[in-house]
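Okay, so here's the structure we're looking at.
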Amino acid sequence: MAMFKIRKITDTYLPSNSAAISQVFNILRLHFPSVKEEKINEILEQMKDPLKYKFSVSLFVAEDGRSNVKGFAILFYMPDKNFCYLDYLAVKPGRTSSGVGGSIYQRLREEAQMLKAIGIFMECLPDDEKLCKDKKEIKQNKSRLAFYEKYGARPIIGTKYETNVNPEDDCPPYLVFDDLGNDIRLSSLQAKKIIRTILERKYPNYCPENYIKMILSSVRDNPVKIRDFKYIIKERPIEKNVHVTNEIPLIINDKHDVHHIKEIGYIESPIRIKSILKEIEKLNAFKIRPSRGYPDKYITQVHNIKYFNYFKTICDKLPEGKSIYPYVFPVRNKTRPPREASVLAGYYCIDTFTPINKNAFLAARSGANCALTGAELLLEGCHTAYALVRPPGHHAEKDVFGGFCYFNNCAIAANFLSKYGKIAILDIDYHHGNGQQQIFYDRKDVLTISIHGNPSFAYPYFTGFADEKGEGEGQGFNLNLPLKKEISGKEYIIYLKKAVKAIKAFNPDYLIVSLGFDPAKGDPTGTWSLTSADFANNGAELGKFLYPVLFVQEGGYKNRTLGVNARNFFQGYLSTGVSKKL
């Protein structure tokens, strides 16, 4: 497990975020003692009101496993001028800080790339003794400029940007530009617009108009000149900005194949994972990452502990090769549940075809770990992760299993991530994601959307209707799009775009996609006719999102086309928007 993770904070109200922000401010005071307290407090206002300040603010924190902040950065994004501005980057002093600053800055470069910004601008104090009288400060300034130079970022020269506003001031800053390795030449006009934007928005009450005009009139070179490399040899390779989606973490449930029901008609088989893996490997876009271990509490925060304990115990007691299929479904009398194990299965299940056997708990528990690993990788800065798991999970509710599902992997990951921001779950399996709906039905911090076959003819039959919209605080935060029995890919994408629109309106910090390939033509559990080209189009639609995305595998049972459909989906996802490969 990583020594620290880097996560992006946009919501200042969540307890986990406010605790991190408090630590950030302490580091800020330590590194920049001259910064006034009202300026520190203004950071919160900037995060809350981007329209007022004309830029969005993202706070990135590097945290260890105990939520101790090791370093942070504050990045502005000016969408109208399409550039990013690094306001602060600081690391908590100490030996444990090794590598933190570089990791944070690399994460900022990935963020700027996803925003399609022309680059990152920042101010750095000068390393020129004519501009800075304090010799001790010169040494620190050289170190800072050398750090950014490793990434190709260097000062813009030939302008009067490094001119003090007040003549008695010392150490006026350079304007440093990082073109993210794209060899961008800034025109004088472009540079003038960016400089005016920085001076007006960052220093609205400090830089007078005549000072701004003086700086702008000094920008004469076209394109503007960037200082030569001073601290590293020019021929030495600069830190490459590898695109975040070029290596999507792939977390495979390595315990899935122990859960193998060999009875006739049971289609949820190990071959499903192999079929998908064989095809998506051809994309060279995935990097297999090991699953991490997580405490049971992350599951019992979502599932009833009585159900969890029953499932664990009954699986442990069953002999190898023996399965229990629920066959009696008692009314759920909370005071008197059945005692007989086989009857109790029906107490905790919604159908007759999802068996319990010796290895079901082991496989399902491992799958939950995979989903949690993917969620944590998003917190650590990955834009996309894929938990390739079976058994699936989206039919498992708080108290019950069914539909081949035992633990709701998406819900477990969503609940884990909800401590750090708002979550949207998009279920694109053929069947309704009843588990996510039921688990989050009264919550407003998790938006649940499901596109599925109408429950009048499709499993689970009793839930997934359009009028189910949430209750209490969750009213309006559940969206069902039940579709007709026969549908083409062209018709389907209309509803997918509706879901995308709802997600954008909600503006989550993280998106979880409950990924089913059973809308495919010929799938034994579905009635639709989506082709591999349709899956590519669906993937392309989701590839436009800026939000970090966790894909969690659900259904898809036609093994002959399953892998090809998965490959096409991810090929589409990687082809557009922020996911486009360089």
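Worth pointing out:
- Of everything listed in (1) assigned to a helix (DSSP H, G or I); (2) of a type in the set (V, I, T); (3) under 20 Å from H432 (Cα atoms), the single unmet condition for T525 is (1).
- Number of residues in region 75-114 that are out of contact with any His (no Cβ under 9 Å at 6 or more places or on another chain) and assigned to a strand (DSSP E or B): the value is 10.
- The set of residues from region 514-524 being crowded, with 22+ Cβ neighbours inside 10 Å and either farther than 14 Å from L483 by Cβ or without any contact (Cβ under 8 Å) to a residue 60 or more places away in the chain (or both) comprises S514, L515, F517, A520, D523.
- Top-ranked residue of region 257-300 - restricted to ones that are in a loop (DSSP other than H, G, I, E, B) and surrounded by fewer than 14 Cβ atoms within 10 Å (Cβ to Cβ), ranked as modelled with the lowest pLDDT: I264
- A search for C-beta distances below 6 Å between a residue of region 143-159 that is at positive phi and any residue that is outside any loop (DSSP other than H, G, I, E, B) and of a type outside the set (S, T, N, Q), counting only pairs 6+ apart in sequence or on different chains, returns G158/K225.
- Single match in D534, D509, D523 (criterion: over 25 Å from K444 (Cα atoms), in contact with a helix residue (DSSP H, G or I) (Cβ under 9 Å, 6 or more places away or on another chain) and at pLDDT below 95): D523
- Top-ranked residue in region 174-206 [being aromatic (F, W, Y) and surrounded by 14 or more Cβ atoms within 10 Å (Cβ to Cβ); ranked as modelled with the lowest pLDDT]: Y174
- Restricting region 301-330 to residues that are among the β-branched types (V, I, T) and out of contact with any Gly (no Cβ under 7 Å at 6 or more places or on another chain) leaves a set whose member that is surrounded by the most Cβ atoms within 10 Å (Cβ to Cβ) is V302.
- Of the residues making up region 556-575, those that are among the polar types (S, T, N, Q) and within 16 Å of Y386 (Cα to Cα) are N565, N568, Q571.
- Residue match in region 427-435 (condition: part of a strand (DSSP E or B) and crowded, with 24+ Cβ neighbours inside 10 Å): yes
- Residues in region 60-74 include none that are among the polar types (S, T, N, Q), in contact (Cβ under 8 Å) with a residue 40 or more places away in the chain and either part of a strand (DSSP E or B) or over 23 Å from V100 (Cβ atoms) (or both).
- Scanning region 354-364 for residues that are touching a Phe, Trp or Tyr at 6+ places or on another chain (Cβ under 7 Å) and surrounded by fewer than 23 Cβ atoms within 10 Å (Cβ to Cβ) gives P355, F361.
Okay, residues lined up against (1) over 15 Å from L75 (Cα atoms); (2) among the hydrophobic types (A, V, I, L, M, F, W, C); (3) crowded, with 18+ Cβ neighbours inside 10 Å; (4) touching a helix residue (DSSP H, G or I) at 6+ places or on another chain (Cβ under 6 Å):
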{"site": "I9", "(1), (2), (3), (4)": "no, yes, yes, yes"}
{"site": "R29", "(1), (2), (3), (4)": "yes, no, no, no"}
{"site": "K36", "(1), (2), (3), (4)": "yes, no, no, no"}
{"site": "K39", "(1), (2), (3), (4)": "yes, no, no, no"}
{"site": "P50", "(1), (2), (3), (4)": "no, no, no, no"}
{"site": "V57", "(1), (2), (3), (4)": "no, yes, yes, yes"}
{"site": "A62", "(1), (2), (3), (4)": "no, yes, yes, yes"}
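- Test result for V552, part of a strand (DSSP E or B) and among the aliphatic types (A, V, I, L, M): yes
- Count of residues meeting criterion [without any contact (Cβ under 8 Å) to a residue 12 or more places away in the chain and part of a loop (DSSP other than H, G, I, E, B)] in region 209-219: 0
- Evaluation of Y492 against (1) hydroxyl-bearing (S, T, Y); (2) assigned to a helix (DSSP H, G or I); (3) under 30 Å from L14 (Cβ atoms) (one fails), failing number: (3)
- Answer residue from region 115-127, given it is in a strand (DSSP E or B) and aliphatic (A, V, I, L, M) and is farthest from the chain's Cα centre (by Cα) among those: M122
- Test: A387 is in a helix (DSSP H, G or I) and surrounded by 24 or more Cβ atoms within 10 Å (Cβ to Cβ): no
Residues checked against (1) surrounded by 22 or more Cβ atoms within 10 Å (Cβ to Cβ); (2) β-branched (V, I, T); (3) assigned to a strand (DSSP E or B):
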site: G381; (1), (2), (3): yes, no, no
site: A413; (1), (2), (3): yes, no, no
site: I439; (1), (2), (3): yes, yes, no
site: E473; (1), (2), (3): no, no, no
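- Residue in region 452-467 that is without any contact (Cβ under 8 Å) to a residue 40 or more places away in the chain, of a type in the set (D, E) and surrounded by fewer than 21 Cβ atoms within 10 Å (Cβ to Cβ) present: yes
- Any hit, region 521-538, residues being under 29 Å from G470 (Cα atoms) and acidic (D, E): no
- The residues of region 441-465 that are in contact with a Leu (Cβ under 9 Å, 6 or more places away or on another chain), assigned to a loop (DSSP other than H, G, I, E, B) and over 21 Å from I350 (Cα atoms) amount to a single one, D445.
- Per-region count, region 529-544, residues under 11 Å from S488 (Cβ atoms), under 30 Å from the mean Cα position of the chain (by Cα) and not aliphatic (A, V, I, L, M): 2
- For region 390-407, the set of residues classified as buried (at least 24 other Cβ atoms within 10 Å of the Cβ) and not in a loop (DSSP other than H, G, I, E, B) consists of F401, C405, listed by residue number.
- Between S514, S488, the distinction of being among the hydroxyl-bearing types (S, T, Y) and farther than 27 Å from K422 by Cβ belongs to S488 only.
- Residues of region 406-435 that are of a type in the set (D, E, K, R) and closer than 18 Å to Y386 by Cα: D427, D429.
- Taken over region 160-191, the criterion of being under 14 Å from S218 (Cα atoms) and of a type in the set (A, V, I, L, M) is satisfied by L175, L189, A191.
The values are calculated or read from the model by the stated rules, or taken from the named source; none is laboratory data. Keep in mind that what you see is a predicted model, and the values were worked out from it rather than measured. Every residue, glycine among them, receives a Cβ derived from its backbone with ideal geometry; neighbour counts consider all protein chains shown.
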